[in-house]
């Protein structure tokens with residue numbers, strides 16, 4: 001079994017712009033908060049118990065459409081990471097309130113984590129904003 005990375009996280013999330021839209025100042029703190037919430041949910045759900053990966057990286061792409069499912073790479077043999085990305089429509093979050101941004105990011109994270117269920121037989125992860133956990 002591949003050990004956890006040196007940073008000790010099982011879920012890492014970030015964002016990248018596919019357009020010339022300016023990233024909002026509240027987006028990164030919102031992603032950090034959601035990362036911690038989803039990470040604890042992944043651990044409690046034993047998400048990695050039967051999976052061939054030991055941790056997940058998710059890149060949220062600020063683009064022009066909302067992807068219903070994530071793109072994913074092969075599981076890294078060296079690091080044990082499953083690299084995911086999912087696109088969201090940046091026009092929905094430009095100038096939006098912190099609550100709206102959090103709900104959109106949370107829905108995208110839940111879609112990405114649940115998008116790999118058919119291939120890897122992992123437990124369902126609930127949208128924490130829809131479930132009222134944040």
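The values are calculated or read from the model by the stated rules, or taken from the named source; none is laboratory data. Note that the structure is predicted; figures quoted are calculated from it, not measured. When we count neighbours, we look across all protein chains shown, and the Cβ atoms used for this are built from the backbone with ideal geometry, even at glycine.
Miscellaneous remarks
- Boolean, residue 125 is at pLDDT below 95, in contact with a helix residue (DSSP H, G or I) (Cβ under 6 Å, 6 or more places away or on another chain), closer than 14 Å to residue 39 by Cα and surrounded by 18 or more Cβ atoms within 10 Å (Cβ to Cβ): yes
- Within segment 68-79, considering residues that are surrounded by 14 or more Cβ atoms within 10 Å (Cβ to Cβ) and out of contact with any helix residue (DSSP H, G or I) (no Cβ under 7 Å at 6 or more places or on another chain), the one nearest to residue 22 (Cα to Cα): 71
- When 32, 23, 65 are screened for being in contact with a strand residue (DSSP E or B) (Cβ under 9 Å, 6 or more places away or on another chain), surrounded by fewer than 17 Cβ atoms within 10 Å (Cβ to Cβ) and assigned to a helix (DSSP H, G or I), only 32 passes.
- When each of 83, 89 is tested for being at pLDDT 95 or above, surrounded by fewer than 17 Cβ atoms within 10 Å (Cβ to Cβ) and within 21 Å of residue 18 (Cα to Cα), the lone residue that passes is 89.
- Selection from segment 44-62 of residues that are outside any loop (DSSP other than H, G, I, E, B) and touching a strand residue (DSSP E or B) at 6+ places or on another chain (Cβ under 9 Å): 55, 56, 57, 58, 59, 60, 61, 62
- Every residue from segment 79-118 that is in a helix (DSSP H, G or I), touching a residue at least 12 places away in the same chain (Cβ under 8 Å) and over 18 Å from residue 30 (Cα atoms): 115
- Counted residues, segment 80-121 - those being more than 16 Å from residue 57 (Cα to Cα) and in contact with a helix residue (DSSP H, G or I) (Cβ under 9 Å, 6 or more places away or on another chain): 10
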